[in-house]
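Read-outs: derived from the displayed coordinates by stated rules, not from any lab. As the structure is a prediction and not an experimental result, all values here were calculated from the model. Virtual Cβ from ideal backbone geometry, glycine too; neighbours counted across all protein chains shown.
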Amino acid sequence: MEFRFLQYEAANGLVTITINRPPYNVLDIPTMREVNQALDRAMGEQSAKVLMITGAGEKTFSSGVDVVDHTPDKVVDMIEVFHGILKRLLFVPIPTVAAVNGPALGGGCELAIACDMVVAAENAKMGQPEIRLGVFPPIAAILMPKLLPMTKVMELLLGGGIIDAQEAYRVGLVNRVFPKETFREDAVKFLDQFLSLSRVALLQTKKAVKDASTRPFFEALFYVEQQYLKELMATEDAKEGLNSFLEKRKPVWKNR
């Protein structure tokens, strides 16, 4: 599959989707259609352990959805395509990481926080300035209250404020902040901790966390116990991990 506005790479357990519309990596409708196609392709990568989304160049991760696609004649199509990205991200079974190499604003910020984890360059900024245009960000209105205190959510969404990478780290939107000059190398190094692990263990762990997060404690405990006993412990890698520890050797993952 050839992409016009994206770069797609899959190697050594890592799938990388790079928005390639520099300098601002604006998400217009054709680009967002390609992101949906790339996510569908990524979910079919049977050896993939991690999905990383980033932006081309050093200037911007993504400045968000193209303003011209918010006009009445396009907005329905825009919402359907953009929200298709976020729906797909929620169903990606492997860990997802946004590598925010520069400002992530509007839909770009929503794209980043829809991933499981976010790493940012020190020059990155994050924010939802939509209210300055008389609208609001639907995805951020849903996801930010799950990530931040409500007072901070209200400040960011009602004020349209933009925060730098260090503040994003301090409030919990970002896992790590890396120097601009070494950002790509540092981001990949951050991913190494996951890429060295069993794919099936990553899948099972993410599934458990996602399932449990939507249920009351005792209901969640029942489902997670059943998954642990019936699904996880039936895998070859669970047996290999335990045996390698007892035998004092490094595990050899079969990813099944």
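Quick notes on this one:
- Relative to the Cα centre, the charge distribution of the chain, modelled as +1 at Lys and Arg Cβ and -1 at Asp and Glu Cβ, gives a dipole magnitude of about 680 debye.
- Given charges at Cβ of Lys, Arg, Asp, Glu: region 31-183 dipole, positive-most of 78, 112, 50: 50
- Distance violations [Cα-Cα > 31 Å] among 206/248; 59/250; 152/230; 49/230; 146/248; 180/254: 59/250; 152/230; 146/248; 180/254
- Difference of contour (0.36 nm per residue) and Cα-Cα distance, residue 195 to residue 33: 55.5 nm
- Estimated FRET transfer efficiency (residue 231, residue 170; beta-carbon r; R0 45 Å; 0.05): 0.75
- Backbone HN-Hα couplings from phi across region 57-66 [Karplus 6.51/-1.76/1.60, Hz, Gly and Pro as x]: x, 10, 8, 8, 5, 6, 8, x, 6, 4
- Ranked list, fewest to most other Cβ atoms within 10 Å of each Cβ, for 94, 113: 94, 113
- Farthest positive-ward along the chain dipole, Cα basis, beta-carbon charges - from 227, 195, 37: 227
- Of the DSSP H helices in the chain, those whose Cα atoms cover at least 20 Å axially and whose Kyte score averages -0.5 or more: 29-43, 75-91, 199-213
- Estimated FRET transfer efficiency when R0 is 51 angstrom, pair residue 158-residue 47 (beta carbons, to 0.05): 0.70
- Ranked packing of 138-150, 192-204, most packed first, by mean Cβ within 10 Å: 192-204, 138-150
- Burial order of peptide ranges 64-75, 13-24 (average beta-carbon count within 10 Å, highest first): 13-24, 64-75
- As a length-normalised measure over Cα pairs under 8 Å and 6 or more apart, the relative contact order of the chain settles at 15 percent.
- Once you reduce region 144-183 and region 1-64 to the center of their Cα atoms, the two points are 22 Å from each other.
- Local net charge near residue 96, Cβ-Cβ under 12 Å (Lys/Arg +1, Asp/Glu -1): +3
- Only lysines eight or more places from residue 74 in sequence, or on another chain, were considered; those with a Cα closer than 21 Å are 87.
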